[in-house]
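The values are calculated or read from the model by the stated rules, or taken from the named source; none is laboratory data. Note that the structure is a prediction, hence the values are computed from the model and not measured. Every residue, glycine as well, gets a Cβ built from its backbone with ideal geometry; the counts of neighbours run over all protein chains shown.
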Amino acid sequence: MMNDLAALVAQEPVLQQLLRTCPLHIINAFQIEHYAVDEFQFDQGAQYDNTYILAAGKVKIYLMSAGGKAVALDIYEKGAFIGEQEALLDKPYSASVVNLTPVTVLRIPNDLFKTWLKEDQHFSQELIVNLSAQIYTLTNRTERYSLHSALDQAISYLIWATRRNQVVTRTNLLNEVDTSSRNLNRIIKQLRDLDVITVDKSQISVTNLPQLITILRNEG
């Protein structure tokens, strides 16, 4: 197991940064686990005994809306922690978790995770940065979900993704918007009729970013 962990960490600079001063007895406690899509799941309101570091793949953190829609709070990638807040507070999960792709994770019992935090000053600083980034992202998303319509949310995400040259599909747009699949299709049709987006199979491309920004301002 130690050789497997060393090989995995050697391939991932983000893991090297997290574990570079980790005490040996903590290193020895890590277990490497692999999960197929949808097999790595945790339920909001349930309590779990382990903390995880995402070593490969993508995980969705989400809440269920009053209408039964899964509203994504964030998409975690390698280097992210899962369950660390709940481990520190000894509380049930505040949101649900599911993996969107096959994932590799490092699992450690909650009590040893807290011991690691006490014994490793470097790791303590890394965790503070990680938690601060989560709070920042969540604040921005909460404002979008609570104050804006589904159309506003969809346009905001399209603008955000376009500025970062990220590919947008119907699936990840639905993950970002608190609405039904049927209503999202209406929004996509509306924006396509306004000639601000094109749709090629499942991929959505913004063709007129300035006009899309104007539509968002007028909606607000």
Task: Residues of segment 182-198 satisfying the condition of being over 14 Å from Ala150 (Cα atoms) and surrounded by 15 or more Cβ atoms within 10 Å (Cβ to Cβ) - done: Val196, Ile197
TODO: For Ala6, indicate whether it is surrounded by 19 or more Cβ atoms within 10 Å (Cβ to Cβ), more than 19 Å from Val129 (Cα to Cα), at pLDDT below 90 and assigned by TED's automatic domain parsing to the domain that holds Pro102.
DONE: no
- [ ] Would you point out which residue out of Ala46, Ala87 is of a type in the set (A, V, I, L, M, F, W, C), farther than 23 Å from Gln166 by Cβ and surrounded by fewer than 14 Cβ atoms within 10 Å (Cβ to Cβ)?
- [x] Ala46
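Restricting attention to segment 157-186, and to residues there that are hydroxyl-bearing (Ser, Thr, Tyr) and part of a helix (DSSP H, G or I), which single residue is modelled with the lowest pLDDT? First the steps, then the outcome.
To start, the set of residues in segment 157-186 that are hydroxyl-bearing (Ser, Thr, Tyr) comprises 157, 162, 169, 171, 179-181.
From what is left, the residues that are part of a helix (DSSP H, G or I) are 157, 162, 171, 181.
On the way: Tyr157: 90, Thr162: 94, Thr171: 89, Ser181: 85.
Among residues in segment 157-186 that are hydroxyl-bearing (Ser, Thr, Tyr) and part of a helix (DSSP H, G or I), the one modelled with the lowest pLDDT is Ser181.
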Open item on the list: Need pairs with beta-carbon distance below 8 Å; first residue assigned by TED's automatic domain parsing to the domain that holds Ile213 and within segment 152-170, second of a type in the set (Gly, Ala, Ser) and in a helix (DSSP H, G or I); sequence gap 6+ or separate chains.
Closed with: Val167/Ala161; Val168/Ala161
Task: Check on Ser124, among the hydroxyl-bearing types (Ser, Thr, Tyr), closer than 23 Å to Tyr52 by Cα, surrounded by fewer than 16 Cβ atoms within 10 Å (Cβ to Cβ) and over 18 Å from the mean Cα position of the chain (by Cα) - done: yes
TODO: For residues that are farther than 19 Å from Leu174 by Cβ and not hydroxyl-bearing (Ser, Thr, Tyr), scanning just segment 199-215, find the one that is surrounded by the fewest Cβ atoms within 10 Å (Cβ to Cβ).
DONE: Pro210
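Condition test on Lys60, is it in contact with a helix residue (DSSP H, G or I) (Cβ under 8 Å, 6 or more places away or on another chain), outside any strand (DSSP E or B) and of a type outside the set (A, V, I, L, M)? Let's see the steps before the verdict.
Working: in contact with a helix residue (DSSP H, G or I) (Cβ under 8 Å, 6 or more places away or on another chain): yes; outside any strand (DSSP E or B): no; of a type outside the set (A, V, I, L, M): yes.
Here the answer is no, as Lys60 does not meet what is asked.
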Open item on the list: One residue is enough: does segment 75-90 have a residue meeting the conditions modelled with pLDDT under 90, in a strand (DSSP E or B) and either more than 22 Å from Ala29 (Cβ to Cβ) or among the charged types (D, E, K, R) (or both)?
Closed with: yes
